[in-house]
Amino acid sequence: MSEDIENIIIIGSGPAGFTAALYASRANLEPLMFEGYSWGGQLLTTGAVENYPGYRDGVEGPDMMEELRDQAERFGTRIATEDVTRLELSSEGSLHGVFVGDREHRARAVILCMGAEPKKLGTPGEKELSARGVSYCATCDAAFFEDMPTLVVGGGDTAMEDAFCLAKFASEVTVVHRRDEFRASRIMLDRVGELDNVEFLTPYMVDCFEDANGTLGRVRLRHADSDEERQLEVDGAFVAIGHTPNSALVEGKVDLDDAGYVLTEGKSTKTKLPGVFAAGDLVDHTYRQAVTAAGSGCQAALDTEWYLRDTPPSEEAHWVSQDEVEATTG
């Protein structure tokens, strides 16, 4: 066990984590951040970012994360490139235990910023062509495909929203879904179905994303019933089958919704446990943008600063037991 008691431990990085670290550092709270071995979140594997304020000519995702990281360090954030393996969170406003393997760090407050991951199809070529034609965010990348043929994979509201967004830029949008029936709401289906440059193609599945001179060139599809193969020449493919929040670390410790996102109180970043806050895509299944994640990271740092200001330090720790979890969850 570390002998030091930290004011704040931030778990996870990305725009939320680094913004929380920046604000906490500038408040002289000397935060300790465990950024994880896969630090930087989704932006570390993103190409050009043109919708983040302050970058007039755009910025590469990894470059932006490097700048956010350097800025947090400049003001005193201590960053450990390690994964947190276990948490013991106090239910009474006492100290929280953050474990990296067998090593325990204690803190008066914890900010959860583990983010979320877009669900992948797992088909050949998807990983290799990610950020080179294969994307997971139409709001982020649609403008790069002006007057180009594109494809959206999925059958829910997210897929319809991506198709609607893409249709403003792309020459054509083909929505591919493995079933004849869509999960999307009727209003979204009708709205997208009225667009002249959108076509629905069902029931087809993506078999392969194929390279053409270093970027996506075509998508090979297979009929879900007959196994008939079909190829589409496209410059962009948007996989819109949902996201998975990285909340396994806090499952059974804080409240989660049915999809696994951490629940917070009202418009704050407070969880149900005193001194435990959550920000970024870990709590947001609506917007999922770098700028909204950064904004909630700021909120989390301010909420934590006010909590520490108003809560006397205590070394008496009471850990959340499984019986307490079952009692509060029914």
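Here are some residues: Ala107, Ala143, Ala116, Ala170. Which one is touching a residue at least 60 places away in the same chain (Cβ under 8 Å), closer than 25 Å to His223 by Cα and small (Gly, Ala, Ser)?
Just a single option satisfies the conditions, and that option is Ala170.
When both residues are 6+ apart or on different chains and their Cβ atoms are under 7 Å apart, which pairs have a first residue that lies in segment 152-165 and is free of Cβ contacts under 8 Å to residues at least 60 places away in the same chain and assigned by TED's automatic domain parsing to the domain that holds Val134, and a second that is in a helix (DSSP H, G or I) and of a type in the set (Lys, Arg)?
Phe164/Arg191
Can you work out which of the residues in segment 193-217 that are assigned to a strand (DSSP E or B) and small (Gly, Ala, Ser) is farthest from Lys168 (Cα to Cα)?
Among those residues, the one meeting the criterion is Ala212.
Name the one entry in Ser247, Ser268, Ser171 that is of a type outside the set (A, V, I, L, M) and not assigned by TED's automatic domain parsing to the domain that holds Val283.
On inspection, the qualifying residue turns out to be Ser171.
Going through segment 230-254 one residue at a time, which ones are assigned to a loop (DSSP other than H, G, I, E, B) and more than 18 Å from the chain's Cα centre (by Cα)?
Val234, Asp235, Gly252, Lys253
With the requirement that a residue be more than 17 Å from Pro118 (Cβ to Cβ) and touching an Asp or Glu at 6+ places or on another chain (Cβ under 8 Å), what does segment 151-174 give you?
Phe169, Ala170, Ser171, Glu172, Val173, Thr174
Output the residue which, of all residues in segment 234-268 that are over 30 Å from Ser296 (Cα atoms) and not aliphatic (A, V, I, L, M), is surrounded by the most Cβ atoms within 10 Å (Cβ to Cβ).
Gly236
I'm trying to understand the selection: among the residues of segment 37-57, which are in contact (Cβ under 8 Å) with a residue 60 or more places away in the chain, buried (at least 22 other Cβ atoms within 10 Å of the Cβ) and not polar (S, T, N, Q)?
Once the filter is applied, which keeps residues that are in contact (Cβ under 8 Å) with a residue 60 or more places away in the chain, buried (at least 22 other Cβ atoms within 10 Å of the Cβ) and not polar (S, T, N, Q), segment 37-57 yields Gly41, Leu43.
Scan segment 1-54 for residues that are at pLDDT 90 or above and aromatic (Phe, Trp, Tyr) and report the count.
3
Inside segment 265-312, can you point out the residues that are among the β-branched types (Val, Ile, Thr) and within 14 Å of the chain's Cα centre (by Cα)?
Correct list: Val283, Thr286, Val291, Thr292.
Within segment 269-313, can you find the residues that are in contact with a strand residue (DSSP E or B) (Cβ under 8 Å, 6 or more places away or on another chain) and among the hydroxyl-bearing types (Ser, Thr, Tyr)?
Thr269, Thr271, Thr304, Tyr307, Thr311
List every residue pair whose Cβ atoms lie under 6 Å apart, where the two residues are 6 or more positions apart in sequence or sit on different chains, the first residue falls within segment 128-140 and is not assigned by TED's automatic domain parsing to the domain that holds Arg288, and the second residue, located anywhere, is among the aromatic types (Phe, Trp, Tyr).
Sorted first by the residue in segment 128-140, then by its partner, the pairs are Leu129/Phe209; Val134/Phe209; Ser135/Phe238; Ala138/Phe238.
Looking only at segment 294-330, how many residues end up being over 25 Å from Ala20 (Cα atoms), in contact with a Ser or Thr (Cβ under 6 Å, 6 or more places away or on another chain) and either acidic (Asp, Glu) or at pLDDT 95 or above (or both)?
Number of matching residues: 1.
Looking only at segment 208-233, filter to residues that are more than 26 Å from Phe164 (Cβ to Cβ) and of a type in the set (Asp, Glu); which one of those is surrounded by the most Cβ atoms within 10 Å (Cβ to Cβ)?
Applying the filter and picking the extreme gives Glu210.
Which numbered condition trips up Thr271, out of (1) surrounded by fewer than 15 Cβ atoms within 10 Å (Cβ to Cβ); (2) in contact with an Asp or Glu (Cβ under 9 Å, 6 or more places away or on another chain); (3) polar (S, T, N, Q)?
Checking Thr271 against (1) surrounded by fewer than 15 Cβ atoms within 10 Å (Cβ to Cβ); (2) in contact with an Asp or Glu (Cβ under 9 Å, 6 or more places away or on another chain); (3) polar (S, T, N, Q), the one that fails is (1).
The values are calculated or read from the model by the stated rules, or taken from the named source; none is laboratory data. What you see is a predicted model; the values in this text were computed from it and never measured. Cβ atoms come from the backbone with ideal geometry, glycine included; neighbour counts cover every protein chain shown.
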